[in-house]
Amino acid sequence: MQIKLKTFKQRRKNLANLIKGGIAIIRSGSEKTRSNDTFYPYRSNSYFEYFSGFPEPDSILVIMAKPLKSIIFSKTKNPEKEIWDGYIYGPEKACIDFNLDEGLPIQEFDKFLKDILITEENIYLLDEDVELRSKLSHIALSIKGSARSRLQKKNQISSLNYYADQLRIIKSKEEIDCIRKACSISSSAHRYVMENIHNDSNEFQIDARLNYIFSMQGAQAEAYKSIVASGNNACTLHYIKNNSKLNKGDLVLIDAGCEYNHYASDITRTFPIGGSFSAPQRDVYEIVLAAQKKAIDQVKKNNRFDDPHKSAVEVLSQGLIDLKVLKKSISEIVEKKLYAKFFMHRTSHWMGMDVHDVGNYFTANSGSAVLSDGQVLTIEPGLYFADNASVPKAFRGIGIRIEDDVLVSGKEAEILTSDCPKEISALESIIGKS
Ligand code: GLY
Ligand code: MN
Ligand code: MN
């Protein structure tokens, strides 16, 4: 389950076909200093990875569209540094091993930028790379001062994301295999937590169990910091402290997914720490589960991105009436978004190399994006009744979200995370049973 070398080449070709001419520049990113001489783990920029597969930080990929030529700028070899930090390819080997057309020392990049400002009219940069954009402007200014006549009259800097995202949003079979693997490892990790939770007394032990399975099964990292939120903590949507004591009578909401070969997974499960749902916990859970299933039913080719969300909102709104949390008509709850007090996020986002992956959510003129085969999105409705919320007392401190990753595939979507239990009976039969 790895992206093949020839795939990176094909991706560069696809990009060249889209931009037609001009030149695209993508930086890998650098190691980030934590303090002094310690660093956060390096993870390449996803666009850089998508088009090159080259693993070293401080590298730059240049794709010249016509005729197609790809250049890698990378660190030069440094035997002394390599003793400490490991192998450096060096530009020549980088070029050969990664099937590129030319490898140049990173030190030559600024001179290269100067040259392309004179020879190239259209330059494509990542929207987020404001540093490179500013560098180009500075170089352009300095050239203007010294060689006005040689500068391209209208160097146009355009959004590379606009084109690259059209490619990244549709996942190939190879990519889906990587996502499938990430989903399978994450499902195992959630199951492992469920089976062993009776041995745990704090959220941090659950966090440790998740990371243990991620690493044991070959994932390289968390796709995002895991949320392990017991009791009322589940009502803080981005809770990542993961350090509260576990109470047997509470639910725990776990939002955790690993990254496998640069592809994410994203699963949320909520279940009773003590092994069985109380009546109010069950009532809320059944509503969220019904909303999630109804939303998944809407994931089909040619439906809109918004359709799952609309279905989820309908079921949740009716549920809020049934729970006597809201005493309005369903149409009023939906139209005035009264549900949003208890369901304050959206149902879905794209998922791929990044957990919140690239891709438009709207079409230019006609509303919500149309779903196509090969897209991967999450379905993650929830209900959150904080312990100070104005809801019947029995529901206070209950926060529930259920999240699966779903592949658009014709009329019936494929749930990539279906190995992770979510039915009440399945949960109650596995919790604490190791
Ligand atoms: N885990 C991030 C999200 O569900 O969007
Ligand atoms: Mn998500
Ligand atoms: Mn999530």
Region 171-195 - residue that is more than 20 Å from the chain's Cα centre (by Cα) and open to solvent by 20 Å² or more (accessible area, probe 1.4 Å) and, of those, farthest from GLU428 (Cα to Cα): TYR192
So SER317, is it surrounded by fewer than 17 Cβ atoms within 10 Å (Cβ to Cβ), more than 16 Å from ligand 3 (Cβ to nearest atom) and small (Gly, Ala, Ser): no
Failed criterion for LYS327 (all others in (1) in contact (Cβ under 8 Å) with a residue 12 or more places away in the chain; (2) part of a loop (DSSP other than H, G, I, E, B); (3) surrounded by fewer than 23 Cβ atoms within 10 Å (Cβ to Cβ) hold): (1)
Count - residues of region 21-43 that are in contact (Cβ under 8 Å) with a residue 40 or more places away in the chain and open to solvent by 10 Å² or more (accessible area, probe 1.4 Å): 5
Candidate set from region 362-387 (those that are away from ligand 2 (no atom under 16 Å from the Cβ) and of a type in the set (Ser, Thr, Tyr)); member that is most open to solvent (accessible area, probe 1.4 Å): SER366
Residue count for region 370-402, restricted to those that are within 16 Å of ligand 1 (Cβ to nearest atom) and within 15 Å of VAL284 (Cα to Cα): 9
Residue list for region 45-56, restricted to those being open to solvent by less than 20 Å² (accessible area, probe 1.4 Å) and under 14 Å from LYS75 (Cβ atoms): PHE54, GLU56
Unique match (being more than 14 Å from ligand 3 (Cβ to nearest atom), touching a Ser or Thr at 6+ places or on another chain (Cβ under 8 Å) and acidic (Asp, Glu)) among ASP419, ASP405: ASP419
Breaking point among (1) surrounded by fewer than 20 Cβ atoms within 10 Å (Cβ to Cβ); (2) under 30 Å from LYS225 (Cβ atoms), for GLU82: (2)
One residue from LEU61, LEU68 being closer than 21 Å to ASN17 by Cβ and surrounded by fewer than 15 Cβ atoms within 10 Å (Cβ to Cβ): LEU68
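If we keep just the residues of region 419-432 that are more than 16 Å from ligand 2 (Cβ to nearest atom) and outside any helix (DSSP H, G or I), which is farthest from ASP297 (Cα to Cα)?
Per the criteria, the residue is GLY432.
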Number of positions in region 336-361 that are more than 14 Å from HIS309 (Cα to Cα), open to solvent by 70 Å² or more (accessible area, probe 1.4 Å) and either among the hydrophobic types (A, V, I, L, M, F, W, C) or more than 14 Å from ligand 1 (Cβ to nearest atom) (or both): 3
Residues of region 388-400 that turn out to be open to solvent by 10 Å² or more (accessible area, probe 1.4 Å) and either at pLDDT below 95 or within 16 Å of ligand 2 (Cβ to nearest atom) (or both), as a count: 3
When residues of region 1-20 are limited to those that are surrounded by 19 or more Cβ atoms within 10 Å (Cβ to Cβ) and closer than 20 Å to TYR260 by Cβ, the one nearest to the chain's Cα centre (by Cα): ILE3
Any hit, region 286-303, residues being open to solvent by 60 Å² or more (accessible area, probe 1.4 Å) and within 14 Å of ligand 3 (Cβ to nearest atom): no
Residue in region 418-432 that is farther than 24 Å from VAL370 by Cβ and modelled with pLDDT under 95 present: no
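The values are calculated or read from the model by the stated rules, or taken from the named source; none is laboratory data. The structure presented is a predicted model; accordingly, all values stated were derived computationally and were not measured. Ideal geometry is used to build each Cβ from the backbone, glycine not excepted, and the neighbour counts take in all protein chains shown. Please note that ligands, DNA and RNA were not included when accessible areas were found on the heavy atoms of the full protein model with its side chains. Shrake-Rupley method; radii C 1.70, N 1.55, O 1.52, S 1.80 Å.
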